[in-house]
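Novice: Have a look at this one.
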Amino acid sequence: MSTLTADPPTTSHAATPPAAAQVQPTFAGVVRGEWIKLLSLRSTWWALASTAAVITLAALAAAASLNAMADDPALVPGIEQMHGAEVISSGFPFGMLTIAVLGALLITGEYATGLIRSTFAAVPTRIPVLAAKALTLVVLTAVVTLVSVTLSYVVTMPQLSQYDLVPALDDPGPWRVFGGALYSLIAAALFSLGIGTLLRSTAASVTAALTVLLLLPGVLSFIRLDWVETIVGYLPLPASSALLSTGAAETQGAYLSTQASLIVIAAYAVVPIAAAAVTLHRRDA
């Protein structure tokens, strides 16, 4: 009488890859997830709508002020030196405020709710998360800037036409101004995203970002010291004036060359993002 014994079941480790390898998302998947999270937040839509509204309304107010300037003979030469593109983009500093808030909320909101832990659990390397947030923020900023400039152009055209200030679209001057506004707003958004990643607090991040972007230039401009005035010229808002001017009139910070302005503004975006990437890699969520 023989006894039949079954062979013990064998397992193939090669057929079953590690769980982490199975769920490791691609960068396209990370970007898609960030789009879903970003566009599902009401704060995103409020920030975008506020940006378009304040830029458009500020441009409209600047165009309306031309009537008051024309009534004062002492201010008439100022109108003659103005360029229509500068009037259209005059709401750019106000747009910088709302874009900076959006950039900070993009990361601090997840820290406030604890969602960041789930995000980093899904993407353990973390750096793709920051890159995806930066990419989506750049795209949104570009879209809202395009919409804002278009609306500003339309609403100011009746007023600008009275003073022969409607910018010709075949003239490179307006495109330089509009491109400078886009470039500066993207840098402000990335600056706030980097600061938000470093500080993790919405209140602290928004305060720090708005202080550097908007508050410091105004406060330091009252100090009449050569070295302070030099520092002011390298702050984001004054430095961007070289890109937002056609050169017809002298503006604060315009003594920087175009190349210097591009480098200075880019540094405000790159340095905080690079520091944020290093921090994300080393610090717990």
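The values are calculated or read from the model by the stated rules, or taken from the named source; none is laboratory data. Model, not experiment: these values are computed from the prediction. Because the Cβ atoms are built from the backbone with ideal geometry, glycine has one as well, and the counts that use them run over all protein chains shown. What goes into the accessible areas is simple: the full protein's heavy atoms, side chains included, and nothing from ligands, DNA or RNA. Shrake-Rupley method; radii C 1.70, N 1.55, O 1.52, S 1.80 Å.
Novice: Keeping to segment 102-154, report how many residues are over 30 Å from residue 84 (Cβ atoms), part of a helix (DSSP H, G or I) and open to solvent by less than 30 Å² (accessible area, probe 1.4 Å). First the steps, then the outcome.
Specialist: Of the residues in segment 102-154, the ones over 30 Å from residue 84 (Cβ atoms) are 104-136.
Then keep just the ones that are part of a helix (DSSP H, G or I); that gives 104-113, 115-122, 127-136.
Filter once more, keeping what is open to solvent by less than 30 Å² (accessible area, probe 1.4 Å): 104, 106-110, 116, 119-120, 129-130, 132-134, 136.
Residues flagged as over 30 Å from residue 84 (Cβ atoms), part of a helix (DSSP H, G or I) and open to solvent by less than 30 Å² (accessible area, probe 1.4 Å) within segment 102-154 amount to 15.
Novice: Taking segment 155-207, which residues are open to solvent by 70 Å² or more (accessible area, probe 1.4 Å) and within 14 Å of residue 91 (Cβ to Cβ)?
Specialist: Those that are open to solvent by 70 Å² or more (accessible area, probe 1.4 Å) and within 14 Å of residue 91 (Cβ to Cβ): none in segment 155-207.
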